[in-house]
Structures are given as C-alpha cells and as structure tokens.
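Every number in this text was worked out from the coordinates using simple rules, so none of it is lab data. Worth saying up front: this structure is predicted, and the values here are computed from it rather than measured. Every residue, glycine as well, gets a Cβ built from its backbone with ideal geometry; the counts of neighbours run over all protein chains shown.
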Amino acid sequence: MQTLERLGNAGSKVVKVQRRLWLIEMLTWPTLILAGVTVTVAAVLWRTRTSGGGRHELPDTPGAHRVDLDEALDTGHVSPS
C-alpha cells in the first residue's frame with residue numbers, strides 16, 4: 001500500500017512540475033518579444049538623442065564658419081554668400 005501511495009505522490013509532483021514548465025514556456029516568447037521591442041526603442045531613442053538632432057555641423061575647411069563682422073554690423077544680418 002505504501003508503494004502505491006508513493007507512486008501517487010510522485011505522479012502529482014510530476015504534474016505540478018509539468019504545469020510549471022508549461023507556464024514558463026508560455027511566458028517565454030511574450031517576454032522575449034517585449035524585451036526585444038524595449039531594447040529597440042531604447043536604442044533608437046539613444047541614437048536620436050546623441051546624433052545631434054539635425055543641428056548644423058561646422059564645415060571641414062578652417063575659417064569657413066566665420067562671418068564678415070563689418071557686413072553683419074552694417075546690414076544687421078549676414079549674407080548667404
């Protein structure tokens with residue numbers, strides 16, 4: 001009789017373990033998908049914040065970013081040339 005009891009207990013333990021494994025398997029894919037989306041969004045946000053945000057960068061030639069101060073003071077603005 002004791003052997004049958006042990007078999008019954010073992011069977012119920014196996015069923016509990018199987019249920020837990022099934023739950024883990026069912027939650028794995030949504031968790032991985034959510035983590036992937038989160039990492040992608042974080043990478044895009046980080047990239048846009050560190051990319052300069054569309055600001056104008058200075059040209060490579062030295063002195064190209066300087067303006068003619070006399071012209072700017074006379075007219076109040078700088079010509080596009």
Full-stretch length increase - LEU32, ARG19 - with 0.36 nm per residue and alpha-carbon distance subtracted: 2.6 nm
Phi-based couplings in Hz for the stretch 19-24 (Karplus 6.51, -1.76, 1.60; Gly and Pro marked x): 5, 5, 5, 4, 5, 4
For the stretch 45-50, Karplus couplings with θ = phi - 60° (6.51, -1.76, 1.60), whole Hz, Gly/Pro x: 5, 5, 5, 6, 6, 9
FRET efficiency, ALA42 to ASN9 (Cβ-Cβ, R0 30 Å, nearest 0.05): 0.05
Whole-angstrom Cα spans of the stretch 7-52 along principal axes, big to small: 68, 11, 5
